[in-house]
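First comes the structure, then the notes that go with it.
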Amino acid sequence: MTEAPNRLPDRPHPLDPPAPDVLSDVLRTIRLSGSMLFLVEASAPWKTHAPATRTFAGRVMPLAQHLVSYHIVLQGQCWAGLASEPLQLLREGDGLVVPQGDAYALASAPDAPPSYSDDDAVAFFRGMSAGELPSVVREGGGGERTSFICGFLGCEARPFNPILWALPRVIHLRRVAQPGDRLSHLLAYATEELREHGPGGRDVLLRLSELMFVEVVRRHLASAAPEPTGWLAALRDPLTSRVLACMHAQPARAWTLDSLSEASGASRSTLTERFAQLVGQPPMQYLAGWRMQLAARLLAENSMKVHSIAESVGYASEAAFSRAFKKHTGASPQAWRQR
């Protein structure tokens, strides 16, 4: 991505463009898509678990590169967390998010035994994704009752997903849903749809699954303790958020450290040091990765000519773009599109 002479020449641009919603820009570009949403009504003793998503994602959502899961307690309480770590207590309104696809469990008690195997879990997810199973799942022994919503979403992990690599392996959210707020309304809508099976309900549920996940991420971003580093920390930092907004607003512009410095109001050295400290890579390397993610989406979603895609992400030459794309992804643009 260092072949500057092959990039499109810079054109006059205002140095103060409207700041885009960077989070929305990334969520849209990584092709977030609902895969499953279902309601679990459990009575103690019970335990539900899932193996690592890499073992079943291809059979549940073949076109998704990665599966993220989240779970929100609607009534009662349960213990939840990664299968490899001690479970934590979740109460009504709390949530569990598993961004990296690890194996996880929810149970009525930390020592509750599982009632099915990993193979059974995979078969269940395959049937649920295909719409062959009821959207309300009931299990347990008749004791204390707990209900929770489970959502699974597909997204792109490659070539560049800054949200995914910014999130931890597991997130325990406290009071993520409170009476009367936006998420509680979404949960109520989803619960009613899951119980009533209205016409077009499957599509409605998948869209609700996406909306609820986005709201959960927003709550995490707003309520989590400030991280010392990472992409989410960069969104909160005045300087790096400004730089990210510039690059996301005009990804095809022939940005340089000088022009980013001018647009952000910081010196080159301050900009470079702060961006690398928070984001984990220099500004131009981030821009290169983001351009490749935009290009990958265009290659997958439409029949644009490669030279048109190259121009749309800032390259004047199809050859220069193809070299950069292969260097970044390990595949040529045509091979990526066919795959």
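The values are calculated or read from the model by the stated rules, or taken from the named source; none is laboratory data. The structure presented is a predicted model; accordingly, all values stated were derived computationally and were not measured. Note that we place each Cβ from the backbone using ideal geometry, even for glycine, and neighbour counts take in every protein chain shown.
Tell me the residue from Ser259, Ser267 that is more than 20 Å from Ser312 (Cβ to Cβ), polar (S, T, N, Q) and either in the same structural domain as Ser312 (by TED's automatic domain parsing) or modelled with pLDDT under 95 (or both), please. Talk me through it step by step, then tell me what you get.
Numbers: Ser259 fails: more than 20 Å from Ser312 (Cβ to Cβ).
Criteria check complete, one pass: Ser267.
Residues that are more than 20 Å from the chain's Cα centre (by Cα) and outside any loop (DSSP other than H, G, I, E, B) within the stretch 70-90 comprise Val73, Leu74, Gln75, Gln77, Cys78, Trp79, Ala80, Gln88, Leu89, Leu90, listed in sequence order. Can you name the residue in the stretch 260-288 that is in contact (Cβ under 8 Å) with a residue 60 or more places away in the chain and surrounded by fewer than 17 Cβ atoms within 10 Å (Cβ to Cβ) and, of all such residues, is nearest to Pro333 (Cα to Cα)? Applying the filter and picking the extreme gives Gln285.
Is it the case that the stretch 171-188 has a residue that's in a strand (DSSP E or B), modelled with pLDDT of 95 or more, at negative phi and not small (Gly, Ala, Ser)? No: the stretch 171-188 contains no residue that is in a strand (DSSP E or B), modelled with pLDDT of 95 or more, at negative phi and not small (Gly, Ala, Ser).
All of Arg253, Arg323, Arg242, Arg337 fail the test of being in a loop (DSSP other than H, G, I, E, B) and surrounded by 16 or more Cβ atoms within 10 Å (Cβ to Cβ), apart from Arg253.
Filtered by the rule that a residue be without any contact (Cβ under 8 Å) to a residue 12 or more places away in the chain and in a loop (DSSP other than H, G, I, E, B), the stretch 38-69 gives a lone residue, Pro62. Would you be able to say whether some residue in the stretch 283-290 is hydroxyl-bearing (Ser, Thr, Tyr), outside any loop (DSSP other than H, G, I, E, B) and in contact with a Phe, Trp or Tyr (Cβ under 6 Å, 6 or more places away or on another chain)? No: zero hits. For Phe152, the criteria (1) of a type outside the set (A, V, I, L, M); (2) within 25 Å of the chain's Cα centre (by Cα); (3) part of a loop (DSSP other than H, G, I, E, B) hold in every case but one, which is (3).
Being in contact (Cβ under 8 Å) with a residue 60 or more places away in the chain and either of a type in the set (D, E, K, R) or under 21 Å from His248 (Cα atoms) (or both) is the filter here; which residues of the stretch 307-319 pass it? Walk me through it before giving the result.
Let us first name the residues in the stretch 307-319 that are in contact (Cβ under 8 Å) with a residue 60 or more places away in the chain, namely 311-317, 319.
Those that are in contact (Cβ under 8 Å) with a residue 60 or more places away in the chain and either of a type in the set (D, E, K, R) or under 21 Å from His248 (Cα atoms) (or both): Glu311, Ser312, Val313, Gly314, Tyr315, Ala316.
Look at (1) aromatic (Phe, Trp, Tyr); (2) within 30 Å of Met292 (Cα to Cα); (3) part of a helix (DSSP H, G or I) and you find that Phe124 fails only one, number (2).
Is it fair to say Tyr116 is modelled with pLDDT of 90 or more, part of a loop (DSSP other than H, G, I, E, B) and aromatic (Phe, Trp, Tyr)? Walk me through how you get there before you give the answer.
Working: modelled with pLDDT of 90 or more: yes; part of a loop (DSSP other than H, G, I, E, B): yes; aromatic (Phe, Trp, Tyr): yes.
It is true that Tyr116 is modelled with pLDDT of 90 or more, part of a loop (DSSP other than H, G, I, E, B) and aromatic (Phe, Trp, Tyr).
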